[in-house]
Amino acid sequence: MSEPAPTSEDGPLVRIGEFSRRTGVGVDALRAWERRYGLLRPKRSAGGFRLYGPDDEERVRAMKALIDSGVSAAEAARLAAEGVEAEAQGPRTAPSGWVDAGDAEELRGALERFDEAAANAILDEALGRLTVEAVAQRVVLPVMREIGERWEKGEISVAQEHFATAVLRGRMLALGRNWGAGAGPQALLACPPGERHDLGLIVFGVVLRDRGWRVTFLGPDTPIDTIARTAAKLRPAAIVLAAVTAQPLEAASDEISGLAAEARVLIGGGGVDHELASRVGAELLQPDPVRAALGLAV
């Protein structure tokens, strides 16, 4: 027989997987916040599992809100433990509060040196301190943009750009492991034909998963008829198509219009505007993948 659902004086207790789903904070970050800052005070089940209650959830939500408002992780943990909400702190003007500004610079340097071990160590440390959204928005995406700009200017080689993309893409996909599991609404993600850059879409999916969605990811350069057949089978709550420029979406606009006539379609990426979205019958996403995922409603 399984153990009965444990409770405390303050309410039901849950294991860390369910606790992560409820709070929208990854398991690794929760463990780091517990270990480094003493933010969580779990109880133990008869079988020795850590169990988390409503008080833990309140502190985690407060810390997450504070980090999202620009407070450093250590300060957010202190304030959350004291019961201070993010709103009481007022607006923050220094984005470096999300993460040490040196993290992004160190990560870019490691990637340009082809130093995968150093790059992964920097990401490991940042993910242990902060939410996935914060790391994606303040480290991963800015670094990738800067590397792309440096390649366009001839300051780094195509090999360095490809290496950086491969490392960051791999890490983001690892964070999305089993992102199709759960009971939330399902999103079908793909890049249209001709679009091979999918890092932004992967970041979107990882953040969406942390908001309780289930994600089915088809990846880059996906034919629209393949997306349509998959959607007919899965019946997702949303189909999300993304491209770095508007051209791949323009090229497939007739097919996307047909898809949007049968399902909810959202499009996003550089150069994508309201006119294109309206013409194909789709909803327009915000350009920033993190903000787009945070703002997506069922």
Quiz item: Over the range 7-89, what number does the Rg to Rh ratio reach, with both radii from the alpha-carbon atoms and Rh per Kirkwood?
Solution: 0.97
Quiz item: Where does helix 116-129 land angle-wise versus the long Cα axis of the chain, in degrees 0 to 90, nearest 10?
Solution: 50 degrees
Practice problem: Report, to the nearest 10°, how far helix 158-175 tilts away from the longest principal axis of the Cα atoms in the chain, using its own Cα long axis and a range of 0 to 90°. | Solution: 50 degrees
Quiz prompt | Separation of the residue 283 and residue 114 label points, Cα + 7 Å toward Cβ, nm | solution = 4.5 nm
Quiz item: Looking at the chain, what % of its DSSP beta bridges pair antiparallel, to the nearest 5?
Solution: 25 percent
Self-check item: Under 15 Å, Cβ to Cβ, from residue 222 - net charge with Lys/Arg +1 and Asp/Glu -1
Solution: -2
Self-check item: Over the range 157-293, volume per residue of the alpha carbon convex hull, in Å³
Solution: 96 Å³
Quiz item: How large is the helix-only mean residue ellipticity at 222 nm for the chain, computed as the sum of -39500 (n - 2.57) over DSSP H runs with n ≥ 4, divided by its residue count, in deg cm²/dmol to the nearest 500?
Solution: -15000 deg cm²/dmol
Exercise. Would you grab the residues whose amide H sits under 5 Å from the one on residue 26? Only those 5+ places off in sequence or on another chain, please, with H modelled 1.01 Å from N.
Key: 132
Quiz prompt | Under Karplus coefficients 6.51, -1.76 and 1.60, residue-wise ³J(HN,Hα) of the range 47-55 in Hz, glycine/proline x | solution = x, x, 7, 5, 10, 10, x, x, 5
Self-check item: Order of 253, 278 - criterion: other Cβ atoms within 10 Å of each residue's Cβ, fewest first
Solution: 278, 253
Practice problem: May I ask for the angle, rounded to the nearest 10°, between helix 224-234 and the longest principal axis of the chain, with both axes built from Cα atoms and the value confined to 0 to 90°? | Solution: 40 degrees
Quiz item: ³J(HN,Hα) across the range 275-287 via Karplus (A = 6.51, B = -1.76, C = 1.60, θ = phi - 60°), whole Hz, x for Gly/Pro?
Solution: 4, 5, 4, 5, 5, 9, x, 10, 8, 9, 8, 5, x
Quiz item: So for the chain, what percent of the C-alpha to C-alpha distances run longer than 24 Å?
Solution: 56 percent
Self-check item: Two-site label geometry, residue 232 and residue 22: point separation in nm, points 7 Å out along Cα→Cβ
Solution: 4.2 nm
Quiz prompt | Kirkwood Rh and Cα Rg combined as Rg/Rh, the range 96-175 | solution = 0.94
Exercise. Please find, in a Gaussian network model of the chain (springs between Cα atoms separated by less than 10 Å), the residue of 111, 199, 234 whose mean-square fluctuation is greatest.
Key: 234
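Rule-based calculations on the coordinates, nothing more; no lab input. Just so it is clear, the structure is predicted and the values come from calculations on it, not from any experiment. Cβ coordinates were reconstructed from backbone atoms using ideal geometry, including for glycine residues, and neighbour counts include every protein chain displayed.
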